[in-house]
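Please read the structure below before turning to the comments.
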Amino acid sequence: MTPTRKRKLYVIVILLSLAAVAIGLTLYALRANINLFFSPVQIAQGEAPMERSIRAGGMVKPGSVSRDAESLNVAFTVTDYVDDLHVEYQGILPDLFREGQGVVVVGELQGDGHFRADKVLARHDENYMPPEVAQALEDAGYSPADFQAKADEVGPRRENRDDT
Amino acid sequence: MWGLIHKLGSPKWFYQLSATLQPWCWGAAALLLLTGTLWGLVFAPADYQQGNSFRIIYVHVPAAFLAQSVFVFMAGAGLIHLVWKIKMADMAAAAMAPLGAAMTFVALFSGAVWGVPTWGTWWIWDARLTSMLILLFLYIGVIALRGAFARRDSGARAASVLAMVGVINIPIIKYSVDWWYTLHQPASFTLTSRPAMPVSMWLPLLIMVAGFYCFFIALTLMRTRSEILRREAHTQWVQTLVKESR
C-alpha cells in the first residue's frame, strides 16, 4: 500500500470510530427513552409518570382476564413475574391477545395504581410452529416456553406415527 | 489472488465476466424464487398462533436481510473506492443503492402489513422499526448525495463517506431487539443456535433468501454493466462494441 493510501485509510478509520463513539454515547444517554415500554417493575418503582400517555408491557397473567358480559370492558393483569400491573381496557383486542401472551398497552397510569389503556398491542415471540405440533406439545403437558425446545423432537415423532 | 483483484478492477474485464455470469444468476433467481414462493405460500404449514399471516415472513425476512447486507456491500465498495481509487467499486456502489432502498421499502411495507393482524398496529416507533426507517433515509441520502454534485467524482466520494458512516446503523438494527424493549420480536435465526421454527418452515425461507440474493446479484450485474457503458463510452473497447452491435 502506498503511503498516501495508508494515510487515507487511517483517516477514514479514525473518522468512522469517532462517529461510532458519538452515536454509541447518544444511544447510551437515550437508553431509557428508546425502550418502547415500561415494565411493571419500573412502574412499581415509580419510574413512570402519572396521568400522561405511556406504554407498559409484559405478559398477560394466566387466569387474570375478566370480560364484562354486557360491554367491551375487559380487565387483566400484566406481569413481568416480579410485579403486577392491573389494566382496564374498553375496545376490541387484537387476535393474538390471550393469557400468557406478551402485550404492550398504551394509556395512562391512574392515581390508584391501575392502568387505563386506550390501545392494546399484542407481541409475539420468535418461535413459529405448525398448529398440529403446538397441539401435540400442549397435550403432552409442555408449557409454551418449552415449545421450541421440544418442537423438533415431537414433530418428527408425530410424522412417524402418521406414517404407520 | 492479487491478479484477480486487479482484473476485477478493470471495467472491460468485468463487463466480459458479468456477461457470462448474468444468465446463471437470473436462472438461479427465477428457479429459487418460484420454488420458495410456491413452497412458502402453499405447502409450508401455517403458524399455530398467527395462522396464514405468518407467510408474510417469506417476503419480509429475505427483504430485510438484503436491505442490511446491501448497505454493508455499498459501504465496502465505498471504502475500496476512497482508498484504492478503484472506479469499478464506485460503479457497483452506484448500481446497488436503489436496489437496497427498494428492499428496505419492501421490508418496511411487508412488516406494516404483517403488523396489522398480529400486533394490532401497522406502525409503532420502536427501536427496530425506527432504525429500519433510518436505513431507508440513509439509502435515499446516499442516492441524493451522489447526484447533488456537478462533478461525478465529488458526488461519488460524498456518497462513499455517507455509506461508510451509515453502516454504524446496521449493528443497531440487528441488536435493537436485544438492547431495548421493542414490539418487534427477537431474531428467529442466529448463527449460534437452531432456527426457532421447524424445518418445514425454515427451508422454504432459506430458499427465498437465496433467491433474493441471486436476484439482487443479477440486477446489480445488469445495472453495473450499463453504468460501465455510460462511463467508459469514450474508450476504444466500448466504441468497438457499439460498432459491432450495429
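The values are calculated or read from the model by the stated rules, or taken from the named source; none is laboratory data. This structure is a prediction, so every number in the text was calculated from the model and none was measured. FYI the Cβ positions are ideal-geometry reconstructions off the backbone, even for glycines, and counts take in every protein chain you see. The protein model used for the area step is the full one, side chains on, heavy atoms only, and it has no ligands, DNA or RNA in it. Shrake-Rupley method; radii C 1.70, N 1.55, O 1.52, S 1.80 Å.
Table for the structure above
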quantity: With every protein chain in place, the range A:65-115: carbon and sulfur % of accessible area (1.4 Å); calculated: 45
quantity: For A:GLN101, residues with placed amide H under 5 Å, excluding near neighbours; calculated: A:VAL60
quantity: Per residue convex hull volume, Cα atoms of the protein assembly as shown, in Å³; calculated: 200
quantity: Accessible area expressed per residue, the protein assembly as shown, with surrounding protein chains retained (probe 1.4 Å, Å²); calculated: 53
quantity: Net charge of Cβ neighbours under 15 Å - reference B:SER110; Lys, Arg +1; Asp, Glu -1; calculated: +2
quantity: Kirkwood estimate for chain B, i.e. one over the average of 1/r between Cα atoms, Å; calculated: 19.7
quantity: Charged-residue dipole, Cβ positions (Lys, Arg, Asp, Glu), chain B about Cα centre, Debye nearest 20; calculated: 860
quantity: Interface B:A - total buried accessible surface [probe 1.4 Å, Å², rounded to 100]; calculated: 3800
quantity: B:ASP153-A:VAL65 pseudo-label distance in nm [points 7 Å out on the Cα-to-Cβ vector]; calculated: 6.6
quantity: Nearest-0.05 FRET efficiency for B:LEU31 and A:ASP118, computed from C-beta distance (R0 51 Å); calculated: 0.55
quantity: Shielding by partners - mean other protein chain Cβ count within 10 Å, residues of A:23-29; calculated: 2
quantity: Heavy-atom accessible surface of chain B: percent carbon and sulfur, 1.4 Å; calculated: 73
quantity: Modelled FRET efficiency - R0 25 Å, A:THR2 with B:LYS7, Cβ distances, 0.05 increments; calculated: 0.80
quantity: Convex hull per residue volume in Å³, alpha carbons only, for chain A; calculated: 207
quantity: Lys/Arg +1, Asp/Glu -1 at C-beta; the range A:40-122 dipole; positive extreme among A:LEU121, A:TYR89, A:ALA75; calculated: A:LEU121
quantity: Value of relative contact order over chain A, rounded to a whole percent, pairs C-alpha under 8 Å and six or more apart; calculated: 16
quantity: Chain B: DSSP helices with Cα axial extent of at least 18 Å and average Kyte-Doolittle hydropathy no lower than 1.0; calculated: B:57-84, B:87-118, B:127-147, B:199-231
quantity: Simple label model, 7 Å out from Cα along Cβ direction - A:GLU126 to B:LEU241, nm; calculated: 4.4
quantity: Top of A:ARG67, A:ARG116, A:ARG98 by mean-square fluctuation, Gaussian network on chain A, Cα under 10 Å; calculated: A:ARG67
quantity: Radius 11 Å from Cβ of B:THR190, net charge of other residues (Lys, Arg +1; Asp, Glu -1); calculated: 0
quantity: Span-rule helices in chain A, defined as complete DSSP H runs reaching 24 Å or more along the axis (Cα) with Kyte mean at least -1.0; calculated: A:3-29
quantity: Chain B: relative contact order in percent, alpha carbon pairs under 8 Å with at least 6 residues between; calculated: 31
